[in-house]
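Notes follow the structure.
The values are calculated or read from the model by the stated rules, or taken from the named source; none is laboratory data. Remember, predicted model here, so these are calculated numbers, not experimental data. When we count neighbours, we look across all protein chains shown, and the Cβ atoms used for this are built from the backbone with ideal geometry, even at glycine. What goes into the accessible areas is simple: the full protein's heavy atoms, side chains included, and nothing from ligands, DNA or RNA. Shrake-Rupley method; radii C 1.70, N 1.55, O 1.52, S 1.80 Å.
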Amino acid sequence: MSGMEPEQMLGKYKVIQPLGSGGMGEVYLAYDERLKRKVALKILPADLINDRERMHRFEQEARAASALNHPNIITIHEINSAGDTHFIATEFIDGMTLRQKWQTPPGVHQVLDIAIQVAAALDTAHGKGIIHRDIKPDNIMVREDGLVKVLDFGLAKLTEEKGDGPFDTQSPTRVLLKTSPGVVMGTISYMSPEQARGTSVDARTDIFSLGTLLYEMLAGKLPFAGETASDVMAAILKTDPAPFHDQEVPMELERIVGKALAKDREERYQTAKDLLIDLRQLKKQLEVQSEIERTASLTRAQSGKSGQVPDNRPTPSAPHATEGIRKHKTGLVVAASALLISAIALSAWYLTGRPTSAALNSIAVLPFVNASGDPDVEYLSDGITESLISSLSQLPELKVKARTSVFRYKGQDIFPQQIARELNVQAIVIGRVVQRGNDLTLHVELVDAATENILWKTDYNRQMTNLISLQNEIARDVSDKLRVRLTGTEEKRLARNYTANTEAYQLYLKGRYHVSKLTPPETQIGISYFQQAIQIDPLYALAYIGLSDGYRSLALAGEMVPTEFLPKAKAAAEKALEIDDALAEAHTALGVAMFWYDWDWQGAENQYKRALELNPNSSDGHLFYAHLLSNTGRHDEALTEIQRARELDPLSPFVSSVEGQFLLHAGRIDEALARLQQTFELAPDFWLPHGFAASAYVEKGMYSEAIASARRATELSARQTLAKSITGYALAKLGKRDEARAVLEELLQLSKERFVPPYHLALVYNGLGEHDETFAWLEKGYQQRDPKMAFLLVDPRWKNLRADARFQDLLRRVGFVS
C-alpha cells in the first residue's frame with residue numbers, strides 16, 4: 001500500500017497507519033485534530049477523481065448516504081479534498097469484518113443477531129431510497145461489544161434518480177473473472193440474479209445478498225459456487241442451494257433463508273422490514289424456548305434430588321411403600337407441571353408484555369401496504385383496510401380508530417409505540433397486499449403496541465374470487481387474537497357479506513377509493529363505480545350508501561346544486577335501508593340528507609340515534625349527531641358528542657375543525673381558537689380551520705386577523721366560497737367597503753357560472769349593512785335548499801337581524817321555531 005505516510009497531515013487529519021485497500025481506494029486510520037477522535041480515511045483513486053462526471057455522481061450518492069442515521073450504518077463525517085487528494089472521512093470501527101470473524105463459525109443465536117442488525121440497517125437505507133448492492137462479509141464489521149456496522153453505503157445507487165444528472169448505473173461490485181480452479185470468486189458470489197443478468201435492481205437485491213450471507217454463516221459455505229465466474233453466475237441463476245444438514249438450524253430459519261434467496265424477486269421478501277420482522281420473531285421464539293428448556297432442566301434436577309433415598313433408610317412394607325411412592329411421584333409431576341406452566345406463562349408475558357388472559361380493547365388498523373408494485377391496485381389495499389375497520393368497529397367491546405386518523409400514517413415508517421401514543425391504542429394491525437393476476441396474498445400482523453411484539457401473524461393466499469369472504473375471515477381472526485368475546489349477533493355481523501359478487505365488491509372498493517379524495521372529479525368517478533356495482537348487484541346495500549355519500553359530498557364539499565344531488569343522496573340511503581334496516585351507515589346517511597336538505601331536525605336525530613345504537617364506534621355517527629345538536633342550539637350535548645368523535649378519530653383535522661366551530665357557536669370563542677390552533681398544527685394545509693378561525697376573530701372584533709385567516713383558507717382551497725364571504729364580511733366591518741364590495745362582485749359573477757351558496761352572498765351584504773339585499777339572498781337560500789341555512793339559528797353574524805320579523809319568519813320556515 002502506498003500513498004500516505006504515518007504522521008502526514010491531510011487537512012485536519014493526521015494519518016496514523018494504513019488499514020487496507022480495495023477497488024475504491026486506500027483506507028487509513030487517522031486522528032481528527034480538531035474534534036479529537038479517531039477516523040477512517042478512504043483515499044479515492046485517481047481514475048475516479050479524473051473522471052469528472054463519474055466523480056460528480058459518486059459525490060451525489062455518497063452525500064445521500066451520509067444522511068443515513070442508524071446505529072448499524074457506518075457514519076460518514078465528510079467528503080472533502082486537500083490539494084489533489086480527495087477522501088471520505090468516516091467513523092473508525094474497532095472490530096473485525098465478518099470475513100475475519102469466520103475463523104470461528106458463529107452459532108445460530110449469533111447469526112440471528114448479526115442478520116437482524118444488517119436487516120435493520122438495510123430497512124433504514126431503503127426507506128431513504130438507497131440500496132447498497134454490495135452486501136458481503138467484507139462490508140460488514142462487528143465491534144467487540146457485538147454491534148454490527150454496514151460499510152460502503154457511499155457506493156450505493158439511489159433508487160430514485162434526483163438531482164441534475166443521472167446516477168451511476170454501474171454497480172460498485174466488480175466481477176473478477178478468475179478461471180483458476182478452487183479460487184473463491186469473492187463479491188460475485190453475493191450477487192442477486194438480477195445483478196448477475198445485468199438488469200435493473202431494487203431493494204430486493206440487498207435482501208438476496210443478505211440471504212446469501214445468512215446461508216454462508218449457517219452452512220459454512222456459499223450457497224452458489226463454481227470454478228469460474230460463469231459457473232457461479234449460472235448457479236445463482238439456475239441452481240437451488242443445498243439444504244442444511246446441521247440439526248442446529250431451526251426449520252423456521254431455513255424457511256427465512258429460502259425466501260430471501262428466491263430467484264424470482266416477486267417471491268422474495270419484498271422489503272427488508274418484512275425480513276427483519278421474521279428474524280426478530282424467530283430470535284424471541286428461540287430465547288423463550290431456551291428459557292423453557294432451562295426451567296425444565298432445573299425441574300428435572302430438583303426432581304432427581306427429591307427422589308434420592310439414602311441407603312440407611314428403612315424400606316417400608318409393601319402396601320404402604322407403593323402408596324408412598326405413588327404420592328411422591330404425583331407430587332413431583334405436579335411440581336414439574338407447575339414450573340412448566342409458569343415458564344410458559346412467563347414466555348407469554350415476555351412475548352406479549354401482558355397476561356395471557358388479558359384482552360386488548362383498543363386497536364388501530366393501519367393502511368395496508370400495496371406491495372404489488374402497481375398503483376392501480378391501491379384501491380384494493382385501501383379498501384381492505386377500510387373494510388376491516390368497518391367490520392371491527394361493529395364490536396361494542398372494541399375501540400377502533402377511524403379511517404381518517406389511521407390513513408395519516410399511510411406511506412410512513414413510524415414505530416408502533418409512537419402510533420399507539422398518538423392514537424391511544426393497545427394494538428395495531430398492519431398488512432401488505434400483493435395481487436398478481438387472479439392471485440391475492442395478504443400478510444397480516446397483530447402487534448402489541450406497548451412492546452412492539454408481534455402477537456400473531458399469518459399469510460392469506462387466495463384467489464380474487466374469494467376476496468369477499470377474506471375480509472370477514474381476517475376480522476374474525478383479529479378479534480379472536482384480541483380475545484374479544486363475541487355474542488351471536490356480533491358473530492353474524494362479522495360473517496355478513498353484503499354481496500356475493502366479487503366484481504361488484506371490487507367496484508365498490510374503487511368507488512370508496514375515489515370518493516375519499518373529496519374533489520368533485522374524483523367523487524364523480526367514485527359515483528360511477530358505485531353505479532356499476534349496483535347494476536351487477538341491485539341489492540348491494542353498501543354500494544347505495546357509497547352512492548349517497550358521493551352525492552352528499554358533491555353538494556356540501558363541492559358546493560354543487562343541492563336540489564340536484566341531496567335528493568339523490570337521500571334516495572340512495574333509503575334504498576340501502578330498504579335492503580338492510582340494521583345497517584348503521586344507512587341510518588347515518590339518511591340522517592345527513594334529512595339534516596342538510598329536509599331541515600327535519602327530529603327525523604335526522606332519530607336516524608343518528610338508531611345508527612349509534614347499531615354501531616357506537618362510528619366516528620361519523622357521533623360527528624353528524626353533534627352537528628345537529630350544535631345547529632339546534634344544544635351546545636353542551638354537541639360538545640360531548642364531538643369529543644366522542646374525536647376519541648375515535650383523534651387525528652382527523654375535520655373533526656377537530658368542527659369542534660372549534662361548535663365552541664364558537666356556543667360562545668366559547670377563546671376555546672374555539674385554541675382548538676383551531678391545535679388543528680393548524682395537526683394539518684397545516686387544511687383550509688377549514690382557517691375559515692373557522694376567521695369567524696372567531698370576527699366575533700372578537702379582530703378584523704385584520706380575520707381577513708388574514710380567511711385569505712389563507714382561500715389560498716389553500718380556491719373552489720370553496722365560505723372563506724371569501726368571511727373576507728368580504730370582515731372587510732366591511734373594518735370599514736373597507738370598496739374592498740368588501742369587490743369581493744361581493746367576485747362572488748356575484750361566480751354565481752352566474754356555478755352554484756354559490758346564497759347564504760354566503762347574504763353574509764357579505766349583511767356586513768355592508770344592506771339588509772334588504774341580505775334578506776333577498778337568504779330567501780334564495782331557502783328556495784334553493786342551500787344547506788348553509790342550517791346555521792341560521794346559531795351563526796352569531798346574524799345577531800343584528802334576530803329581532804327582525806323577516807328573520808324570525810325564516811327561522812320558522814327552516815324549522816327552528818314553531
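Of the conditions (1) of a type outside the set (Phe, Trp, Tyr); (2) within 18 Å of residue 105 (Cα to Cα); (3) in a loop (DSSP other than H, G, I, E, B); (4) in contact with a Phe, Trp or Tyr (Cβ under 9 Å, 6 or more places away or on another chain), residue 241 fails just one. Which one is it?
Failing condition for residue 241: (2).
Which residues, taken from the stretch 684-697, are open to solvent by less than 10 Å² (accessible area, probe 1.4 Å) and hydrophobic (A, V, I, L, M, F, W, C)?
693, 694, 696, listed by residue number.
Report yes if some residue within the stretch 420-428 is within 22 Å of residue 380 (Cα to Cα) and part of a strand (DSSP E or B); otherwise report no. Please lay out each step first, then the result.
First, pick out the residues of the stretch 420-428 that are within 22 Å of residue 380 (Cα to Cα): 428.
Of the ones still in play, those that are also part of a strand (DSSP E or B) are 428.
Yes, the stretch 420-428 contains a residue that is within 22 Å of residue 380 (Cα to Cα) and part of a strand (DSSP E or B).
Consider the stretch 67-88. How many of its residues are among the small types (Gly, Ala, Ser) and either in contact with a Gly (Cβ under 7 Å, 6 or more places away or on another chain) or open to solvent by less than 40 Å² (accessible area, probe 1.4 Å) (or both)?
The number of residues fulfilling the criteria is 1.
Counting just the residues of the stretch 749-766 that are in contact (Cβ under 8 Å) with a residue 60 or more places away in the chain and open to solvent by 10 Å² or more (accessible area, probe 1.4 Å), which one comes out nearest to residue 814 (Cα to Cα)?
In this case the residue turns out to be 755.
Looking at 558, 591, which one is assigned to a helix (DSSP H, G or I), small (Gly, Ala, Ser) and farther than 26 Å from residue 471 by Cα? Reasoning before the result, please.
Working: 558 fails: assigned to a helix (DSSP H, G or I).
Just one listed residue meets the conditions, 591.
Of all residues in the stretch 801-818, which are hydrophobic (A, V, I, L, M, F, W, C), open to solvent by 60 Å² or more (accessible area, probe 1.4 Å) and not in a loop (DSSP other than H, G, I, E, B)?
Answer for the stretch 801-818, where residues must be hydrophobic (A, V, I, L, M, F, W, C), open to solvent by 60 Å² or more (accessible area, probe 1.4 Å) and not in a loop (DSSP other than H, G, I, E, B): just 805.
Run residue 510 past the list (1) free of Cβ contacts under 8 Å to residues at least 60 places away in the same chain; (2) closer than 30 Å to residue 445 by Cβ; (3) open to solvent by 50 Å² or more (accessible area, probe 1.4 Å) and report the number of the one that doesn't hold.
So the condition that residue 510 fails would be (1).
What number of residues within the stretch 548-579 satisfy the criterion of being open to solvent by less than 20 Å² (accessible area, probe 1.4 Å) and in contact (Cβ under 8 Å) with a residue 40 or more places away in the chain?
Summing the residues that are open to solvent by less than 20 Å² (accessible area, probe 1.4 Å) and in contact (Cβ under 8 Å) with a residue 40 or more places away in the chain in the stretch 548-579 gives 6.
Here are some residues: 715, 705, 681. Which one is out of contact with any helix residue (DSSP H, G or I) (no Cβ under 7 Å at 6 or more places or on another chain), closer than 25 Å to residue 630 by Cβ and modelled with pLDDT under 95?
The match here is 681.
Identify all residues within the stretch 89-135 that are in a loop (DSSP other than H, G, I, E, B), under 17 Å from residue 71 (Cβ atoms) and open to solvent by 10 Å² or more (accessible area, probe 1.4 Å); write none if there are none. So that I can check it myself, show each step before the final result.
First, the residues of the stretch 89-135 that are in a loop (DSSP other than H, G, I, E, B): 92-94, 102-107, 128-129, 132-135.
After this cut, where a residue has to be under 17 Å from residue 71 (Cβ atoms) as well, the list is 92-94, 128, 132.
Result: 92, 93, 94, 128.
When only residues in the stretch 444-458 that are open to solvent by less than 40 Å² (accessible area, probe 1.4 Å) and in contact with a Phe, Trp or Tyr (Cβ under 8 Å, 6 or more places away or on another chain) count, which is farthest from residue 416 (Cα to Cα)?
This residue is 444.
Of the residues that sit in the stretch 372-405 and are in a helix (DSSP H, G or I) and small (Gly, Ala, Ser), which one is most open to solvent (accessible area, probe 1.4 Å)?
First pass over the stretch 372-405, keeping only residues in a helix (DSSP H, G or I): 375-392, 403-405.
Adding the requirement that they be small (Gly, Ala, Ser) leaves 381, 383, 387, 390-391, 405.
Details: 381: 0, 383: 3, 387: 15, 390: 40, 391: 12, 405: 0 Å².
Applying the filter and picking the extreme gives 390.
What tally of residues in the stretch 234-255 results from selecting those that are in contact with a Pro (Cβ under 9 Å, 6 or more places away or on another chain) and surrounded by 14 or more Cβ atoms within 10 Å (Cβ to Cβ)?
6
Which of the following residues is within 20 Å of residue 194 (Cβ to Cβ), at pLDDT below 90 and outside any helix (DSSP H, G or I): 248, 227, 267?
Of 248, 227, 267, the one residue that is within 20 Å of residue 194 (Cβ to Cβ), at pLDDT below 90 and outside any helix (DSSP H, G or I) is 267.
Quickly run through the stretch 582-598 and pick out the residues that are more than 29 Å from the chain's Cα centre (by Cα) and of a type in the set (Ser, Thr, Tyr).
If the condition is that a residue be more than 29 Å from the chain's Cα centre (by Cα) and of a type in the set (Ser, Thr, Tyr), then 597 is the only one that fits.
Any residue that is open to solvent by 10 Å² or more (accessible area, probe 1.4 Å) and closer than 24 Å to residue 723 by Cβ - is there at least one of those in the stretch 604-622?
Within the stretch 604-622, not a single residue is open to solvent by 10 Å² or more (accessible area, probe 1.4 Å) and closer than 24 Å to residue 723 by Cβ.
Name the residues in the stretch 767-783 that are over 24 Å from residue 734 (Cβ atoms) and either open to solvent by 20 Å² or more (accessible area, probe 1.4 Å) or touching a residue at least 60 places away in the same chain (Cβ under 8 Å) (or both), would you?
Matches in the stretch 767-783: 776, 779, 780, 782, 783.
Checking the structure you have, find out if any residue of the stretch 729-748 is over 26 Å from residue 568 (Cβ atoms), in contact with a helix residue (DSSP H, G or I) (Cβ under 6 Å, 6 or more places away or on another chain), open to solvent by less than 30 Å² (accessible area, probe 1.4 Å) and of a type outside the set (A, V, I, L, M). Explain how you work it out, then say what you get.
Within the stretch 729-748, the first condition is being over 26 Å from residue 568 (Cβ atoms), and the residues that meet it are 729-748.
Filter again for in contact with a helix residue (DSSP H, G or I) (Cβ under 6 Å, 6 or more places away or on another chain), leaving 729-734, 739-740, 743-744, 747.
Add one more test, that the residue is open to solvent by less than 30 Å² (accessible area, probe 1.4 Å), and what stays is 729-732, 740, 743-744, 747.
From what is left, the residues that are of a type outside the set (A, V, I, L, M) are 729.
So far as the stretch 729-748 goes, yes, one or more of its residues are over 26 Å from residue 568 (Cβ atoms), in contact with a helix residue (DSSP H, G or I) (Cβ under 6 Å, 6 or more places away or on another chain), open to solvent by less than 30 Å² (accessible area, probe 1.4 Å) and of a type outside the set (A, V, I, L, M).
Suppose the filter is farther than 25 Å from residue 594 by Cβ, modelled with pLDDT of 95 or more and of a type in the set (A, V, I, L, M); does residue 776 pass it?
Yes.
Condition test on residue 697, is it under 18 Å from residue 806 (Cα atoms) and in contact with an Asp or Glu (Cβ under 7 Å, 6 or more places away or on another chain)?
no
Taking only pairs six or more apart or across chains, which ones have beta-carbon atoms under 6 Å, a first residue in the stretch 461-477 that is over 10 Å from residue 442 (Cβ atoms), and a second residue that is surrounded by 15 or more Cβ atoms within 10 Å (Cβ to Cβ) and aromatic (Phe, Trp, Tyr)?
Close Cβ pairs satisfying both conditions: 468/505.
Which members of the stretch 633-663 meet the condition of being in a helix (DSSP H, G or I) and open to solvent by 40 Å² or more (accessible area, probe 1.4 Å)?
635, 636, 637, 640, 643, 644, 646, 647, 654
Of all residues in the stretch 196-215, which are within 25 Å of residue 253 (Cα to Cα) and more than 28 Å from the chain's Cα centre (by Cα)?
Quick first cut of the stretch 196-215, residues within 25 Å of residue 253 (Cα to Cα) only: 202-215.
Hits for the stretch 196-215 are 212, 213, 214, 215.
Can you find a residue in the stretch 491-500 that is out of contact with any helix residue (DSSP H, G or I) (no Cβ under 9 Å at 6 or more places or on another chain), under 28 Å from residue 426 (Cα atoms) and in contact (Cβ under 8 Å) with a residue 24 or more places away in the chain?
First, pick out the residues of the stretch 491-500 that are out of contact with any helix residue (DSSP H, G or I) (no Cβ under 9 Å at 6 or more places or on another chain): 492.
Next, only the ones that are under 28 Å from residue 426 (Cα atoms) stay: 492.
Cutting the leftovers down to in contact (Cβ under 8 Å) with a residue 24 or more places away in the chain gives us none.
No, that holds for no residue.
Would you confirm whether any residue within the stretch 124-139 is modelled with pLDDT of 90 or more and among the aliphatic types (A, V, I, L, M)?
yes
Looking only at the stretch 475-507, count every residue that is in a loop (DSSP other than H, G, I, E, B) and either at pLDDT 80 or above or open to solvent by 80 Å² or more (accessible area, probe 1.4 Å) (or both) and tell me the total.
Quick first cut of the stretch 475-507, residues in a loop (DSSP other than H, G, I, E, B) only: 482-487, 496-501.
From the residues that got through so far, the ones that are either at pLDDT 80 or above or open to solvent by 80 Å² or more (accessible area, probe 1.4 Å) (or both) too are 483, 485, 496, 498-501.
Going through the stretch 475-507 one residue at a time, the tally reaches 7.
Under the condition of being farther than 17 Å from residue 385 by Cβ and aliphatic (A, V, I, L, M), which residue from the stretch 439-463 is nearest to the chain's Cα centre (by Cα)?
449
Hey, does the stretch 9-20 have a residue that's under 26 Å from residue 115 (Cα atoms) and at pLDDT 75 or above? Quick ask: steps written out before the conclusion?
Quick first cut of the stretch 9-20, residues under 26 Å from residue 115 (Cα atoms) only: 19-20.
Keeping just the survivors that are at pLDDT 75 or above gives 19-20.
Checked against the condition, which is being under 26 Å from residue 115 (Cα atoms) and at pLDDT 75 or above, the stretch 9-20 yields at least one hit.
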